[in-house]
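Colleague: The following block contains the structure, expressed as structure tokens.
Nothing in this text is a laboratory measurement; each read-out follows from the coordinates by a stated rule. Worth saying up front: this structure is predicted, and the values here are computed from it rather than measured. Note: ideal-geometry Cβ built from the backbone for every residue, glycine included; neighbour counts use all protein chains shown.
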């Protein structure tokens, strides 16, 4: 399968982390699977109480609150930048991680309102070992009326906590996809700072668009 463009891949990630999970026996899920299910359930419950188009900042806060503890953004960012992470300064690493995280979280919050009718079906974890350090959580992602998509979460255990650090969608690896895209940009510009600033500008533009949209919304009772 060919490379998936980054915007389309982000939409898929939104589906995966905010998908509607079918009823299942909680005891049938092992801890890393349960992490994904619980976070998804909590986000859905809270976002359904607000109009995310009117109160986008609150939607972002909700998504960040429930996603951040369960995603290893340090590992995610390091794997995405690859060799450029090793030569980056501590300041560059932190700036990149924050802008990359902001981009992902804002995309989750934006896309949630448009794509809610999805289901995640968990597959049994092969040779599950409670003492394992890493695990692949295999799922099928189902859209009503559509064909299921094979999706795998790469997760790592820190103490007793499981966190996502990569997602593979129909054979396309999110980390490798962004590593290629960002690596090509850095090679062309010769600057990690330029990449970070582009991500920051993308985030600023997204914020401005939502602020403009909020101002255009009719006031209740007007």
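Colleague: What list do you get for 162, 85, 128 if you sort them by fewest beta carbons within 10 Å?
Modeller: Details: 162 23, 85 18, 128 12.
Sorted ascending by nearby Cβ count, the order is 128, 85, 162.
Colleague: For residue 65 paired with residue 200, estimate the spin-label separation in nm (one decimal), with each label point 7 Å from Cα along the Cα-to-Cβ line.
Modeller: 2.9 nm
Colleague: I need 176, 134 ordered by Cβ neighbour count within 10 Å, fewest first. Let's see the in-between values first.
Modeller: Working: 176 15, 134 11.
Ordered from fewest to most neighbouring Cβ atoms within 10 Å, 176, 134 come out as 134, 176.
Colleague: Got a sec? How would 81, 192 order by Cβ neighbour count within 10 Å, fewest to most?
Modeller: Details: 81 25, 192 21.
Ranking 81, 192 by Cβ neighbours within 10 Å, fewest first, gives 192, 81.
Colleague: Here's something else I'd like to know. What spacing in nm lies between the two simple spin-label points modelled at residue 126 and residue 89, each 7 Å away from Cα in the Cβ direction?
Modeller: 4.5 nm
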